[in-house]
Amino acid sequence: MKDIKLYRYRKWCTNECLRDYNDKSCVKVDVEEFNVTDETNKGYWFIVNGKKKWTSKTSKRRFAYPTKEEALENFIRRTKRSISINHYMIDFAELALKEAELLKNELCTSQST
């Protein structure tokens, strides 16, 4: 089998992020490279964190991609989706907080009467 590589971009932060969350330079994006151990008609087997993993050759959503360009496009899609989900979660948490504050006010006024 020829040497086949797959790629996946990831985001991470340096230790400085833990000390100063506002330091945007501490966020890094890099590419992980995986060596394919086995190839089937439908996909590839490779090792991730010591465990064997399989990914499709043709699926739109794959763990890793045969080119860095495809991997970067997937990273951008994943990150946009993550941002969308996190915006929703923030909105949901803010609404829940407002509801809890209303309940707290109701409790305080009912206990004082």
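Laboratory data are not the source of any read-out in this text; all were calculated from the coordinates shown. Remember, it's a predicted structure, so these values are computed and weren't measured experimentally. Positions of Cβ are generated from backbone atoms using ideal geometry, with glycine treated the same way; all protein chains shown enter the neighbour counts.
Over 19 Å from residue 35 (Cα atoms) and out of contact with any Cys (no Cβ under 6 Å at 6 or more places or on another chain) - does that describe any residue in region 49-56? No, region 49-56 contains no residue that is over 19 Å from residue 35 (Cα atoms) and out of contact with any Cys (no Cβ under 6 Å at 6 or more places or on another chain).
Does residue 29 satisfy the condition of being closer than 21 Å to residue 79 by Cβ and hydrophobic (A, V, I, L, M, F, W, C)? Criteria met by residue 29. Kindly establish whether residue 85 is out of contact with any Lys or Arg (no Cβ under 7 Å at 6 or more places or on another chain) and either farther than 13 Å from residue 8 by Cα or touching a residue at least 60 places away in the same chain (Cβ under 8 Å) (or both). Criteria met by residue 85.
Out of contact with any Cys (no Cβ under 6 Å at 6 or more places or on another chain), among the charged types (D, E, K, R) and closer than 18 Å to residue 4 by Cβ: does that describe residue 69?
Details: out of contact with any Cys (no Cβ under 6 Å at 6 or more places or on another chain): yes; among the charged types (D, E, K, R): yes; closer than 18 Å to residue 4 by Cβ: yes.
Yes.
Taking every residue in region 20-37 that is under 30 Å from residue 66 (Cβ atoms) and pairing it with any residue that is of a type in the set (Gly, Ala, Ser), at least 6 positions away or on another chain, the pairs with Cβ-Cβ distances below 8 Å are 31/71; 32/64; 34/64.
Within region 31-68, being closer than 20 Å to residue 81 by Cβ and surrounded by fewer than 14 Cβ atoms within 10 Å (Cβ to Cβ) holds for 31, 32, 56, 59, 60, 61. Taking the criterion of being closer than 21 Å to residue 80 by Cβ and either out of contact with any strand residue (DSSP E or B) (no Cβ under 7 Å at 6 or more places or on another chain) or surrounded by 11 or more Cβ atoms within 10 Å (Cβ to Cβ) (or both), the residues of region 1-16 that qualify are 7, 8, 9, 10, 11, 13.
Select from region 1-53 the residues that are aromatic (Phe, Trp, Tyr) and in contact with an Asp or Glu (Cβ under 9 Å, 6 or more places away or on another chain) and list them in ascending order.
So in region 1-53, the residues aromatic (Phe, Trp, Tyr) come out as 7, 9, 12, 21, 34, 44-46.
Scanning region 1-53 gives 7, 9, 12, 44, 45, 46.
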